[in-house]
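Participant: Here's a structure for you.
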Amino acid sequence: MAPRKRIGDLLLEAGLISEEQLQNALREQKELKLRLGELLITRHYITEQQMIEVLEFQLGIPHVQLYKQTIETKVINMIPQKLAEQHQVLPIKLEGNKLVLAMSDPLDYFAIDELRMATGLRIEPVIASKDELTRAIKRYYGLQESIEQINRNLQPQEEEKPVAEDDSPVVRTVNQIIIQAVQIGASDIHIDPQEDSLRIRYRVDGIMRTERTLPAHMQSVIVARVKIMGNLNVAERRLPQDGRLEMDIEFRKVDIRISTLPTIHGEKIVMRVLDLGNSLTAIDQLGLSPHNYELMMRGIGHSHGIVFITGPTGSGKTTTLYSALSQLNKEDVNIITVEDPVEYQLQGINQMQVNPVTGLTFARGLRAILRQDPNIVMVGEIRDVETAEIAVRAAMTGHLVLSTLHSNSAVNSITRLIDMGVEPFLIASALTCVVAQRLVRRVCTHCAREYTPTEDEAALLARNRLPVHKLRYGTGCEHCGRTGYRGRLAIHEIMEADSTLRSMVLNKRPDNEYFAYASEKGLVPIMQDGLEKAAAGLTTISEIYRVLGSGGDE
């Protein structure tokens, strides 16, 4: 049998610590009763990443990222919570008689031997960071305890009984799912019924990831609990429903929009998480380039006309809209909005929510607003020709109108309005400017590293007059969930309407002619804006292409 290697010897061989540092740490280890690797990291002799690399490359022990793992309930049950917390381990996969075990110290042979005897299985260690392990143990075992209690309480004839009590296991389970989403900054929670399981997925920085999988029989109680929280009809399972709730999580007020959808395997639930504790983004913090900032301020500075914010769903249009309203919110103006839903409440602004059930549509609400002597009107979204025409006519009669529109680019918004049925002369008379935007992930500041651009990247930057010698990317750390990205920023293109462009609209010119003229007059394409932000180290070129594809540069 090959001799068991010790972490101290490996680090010494790798030249990461000196003999003196090792002996000092060994002496301290006896007094403090800490693992040697943990002590070396605490004393800043090495970093956790260095230790992981040594174990991975010298011993061939794989490094796993726990947030990417989907761990079955039966695997978690193989190791009691007490042992998992004591040894800082997490079972992640069962392969025959072999249990794959995530450990922060895979050379802790005492722990491996104890767990081998406790499970009767052969243990195969893999490496995970300590912080990630601590969070995962708390998450899986905390949720597991509630799940076990649900399974014990759940009887076939009384499936929805556990949701009645405020401290029941299902209440705690749903609360834990929501709390974790807020803690990691998820924008949406998806509860997806499958044929034989129930998937819990989060959307973080625009990317979906599976958080965990629950047994299929838990679906009914979890769905019933969410419906009760959102004041929905628990008995109605054949039609979509919408609801909302407010929660206080870690001293922050969180607004949650709930949407249910009947599918072949049961009801799917999506919860949109709005952190009301977040302060509203000021317009100078939207990430606008100096050129685009000047165009934006000029656009919203008009006394009348219409300003459109365009982009697909989830591109940050609402945030930009609210930022513009905050900038315009002065005592000497009357601002009224009609929204669906009202996402953030703004002091000093009259906000109205659409309610189709009572017949309060965007068009009807907008007509009523125009009788309220407004200076500035915000329409949450232009969805139909009736709303579009009222908004455009309001802009022509002395009101500044702000709204959002679904279109692929700034110039495409003109064609989109014409396709909806709005007359070209109305668009030409009212249009002030169009802001198109997307959201891209921001490079994590904790693990950002510089690198030399590849030949293709260098050629792309050169074509866009950005001769940059160094770019940045994230290596992945516990702060960003090992993705290399943390948070998002917007990239924009802004088209200003002048007399020439308006005459082109009257003649219903194609998009490429609008784009060519706007470019001559100073429009910076959204791809160019994205590449400038990549060149500044804020995001990556691959992220720009992920969001824009090949359609970003017309």
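The values are calculated or read from the model by the stated rules, or taken from the named source; none is laboratory data. Nothing here was measured: the structure is a model prediction, and the numbers come from that model. Positions of Cβ are generated from backbone atoms using ideal geometry, with glycine treated the same way; all protein chains shown enter the neighbour counts. Heavy atoms of the whole protein, side chains included, go into the accessibility calculation; ligands, DNA and RNA do not. Shrake-Rupley method; radii C 1.70, N 1.55, O 1.52, S 1.80 Å.
Participant: Any residue at all in the stretch 292-301 that is open to solvent by 50 Å² or more (accessible area, probe 1.4 Å) and of a type in the set (Phe, Trp, Tyr)?
Facilitator: The answer is yes, given that some residue of the stretch 292-301 is open to solvent by 50 Å² or more (accessible area, probe 1.4 Å) and of a type in the set (Phe, Trp, Tyr).
Participant: Residue 490 is checked against (1) crowded, with 18+ Cβ neighbours inside 10 Å; (2) free of Cβ contacts under 8 Å to residues at least 12 places away in the same chain and fails just one. What number does that condition carry?
Facilitator: Against the list (1) crowded, with 18+ Cβ neighbours inside 10 Å; (2) free of Cβ contacts under 8 Å to residues at least 12 places away in the same chain, residue 490 comes up short only on (2).
Participant: Exactly one of these conditions fails for residue 407: (1) touching a Lys or Arg at 6+ places or on another chain (Cβ under 7 Å); (2) in a helix (DSSP H, G or I). Give me its number.
Facilitator: (2)
Participant: Can you confirm whether residue 74 is open to solvent by 20 Å² or more (accessible area, probe 1.4 Å), under 27 Å from residue 198 (Cβ atoms), without any contact (Cβ under 8 Å) to a residue 60 or more places away in the chain and not in a strand (DSSP E or B)?
Facilitator: Spelling it out, residue 74 is indeed open to solvent by 20 Å² or more (accessible area, probe 1.4 Å), under 27 Å from residue 198 (Cβ atoms), without any contact (Cβ under 8 Å) to a residue 60 or more places away in the chain and not in a strand (DSSP E or B).
Participant: Something else now. Whether any residue in the stretch 532-551 is out of contact with any helix residue (DSSP H, G or I) (no Cβ under 7 Å at 6 or more places or on another chain), closer than 24 Å to residue 298 by Cα, open to solvent by 10 Å² or more (accessible area, probe 1.4 Å) and assigned to a helix (DSSP H, G or I) is what I want to check.
Facilitator: Scanning the stretch 532-551 turns up at least one residue that is out of contact with any helix residue (DSSP H, G or I) (no Cβ under 7 Å at 6 or more places or on another chain), closer than 24 Å to residue 298 by Cα, open to solvent by 10 Å² or more (accessible area, probe 1.4 Å) and assigned to a helix (DSSP H, G or I).
Participant: Here's a follow-up. Looking at (1) open to solvent by 10 Å² or more (accessible area, probe 1.4 Å); (2) touching a His at 6+ places or on another chain (Cβ under 9 Å), find the lone condition where residue 475 falls short.
Facilitator: (2)
Participant: Still on this structure, I have one more. Taking the stated definitions as given, is residue 388 buried (at least 18 other Cβ atoms within 10 Å of the Cβ), among the small types (Gly, Ala, Ser), without any contact (Cβ under 8 Å) to a residue 40 or more places away in the chain and in contact with a helix residue (DSSP H, G or I) (Cβ under 7 Å, 6 or more places away or on another chain)?
Facilitator: Spelling it out, residue 388 is indeed buried (at least 18 other Cβ atoms within 10 Å of the Cβ), among the small types (Gly, Ala, Ser), without any contact (Cβ under 8 Å) to a residue 40 or more places away in the chain and in contact with a helix residue (DSSP H, G or I) (Cβ under 7 Å, 6 or more places away or on another chain).
Participant: How many residues, within the stretch 391-411, are buried (at least 20 other Cβ atoms within 10 Å of the Cβ) and either among the polar types (S, T, N, Q) or at pLDDT below 90 (or both)?
Facilitator: Residues that pass the stated criteria total 4.
Participant: Does residue 469 satisfy the condition of being open to solvent by 70 Å² or more (accessible area, probe 1.4 Å), over 26 Å from residue 291 (Cβ atoms), in contact (Cβ under 8 Å) with a residue 12 or more places away in the chain and not small (Gly, Ala, Ser)?
Facilitator: Answer is no for this residue.
Residues are listed down the side, and each one gets a yes or a no for (1) surrounded by 14 or more Cβ atoms within 10 Å (Cβ to Cβ); (2) polar (S, T, N, Q); (3) modelled with pLDDT of 85 or more:
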residue: 20; (1), (2), (3): no, no, no
residue: 23; (1), (2), (3): no, yes, no
residue: 38; (1), (2), (3): yes, no, no
residue: 64; (1), (2), (3): yes, no, no
residue: 91; (1), (2), (3): yes, no, yes
residue: 95; (1), (2), (3): no, no, yes
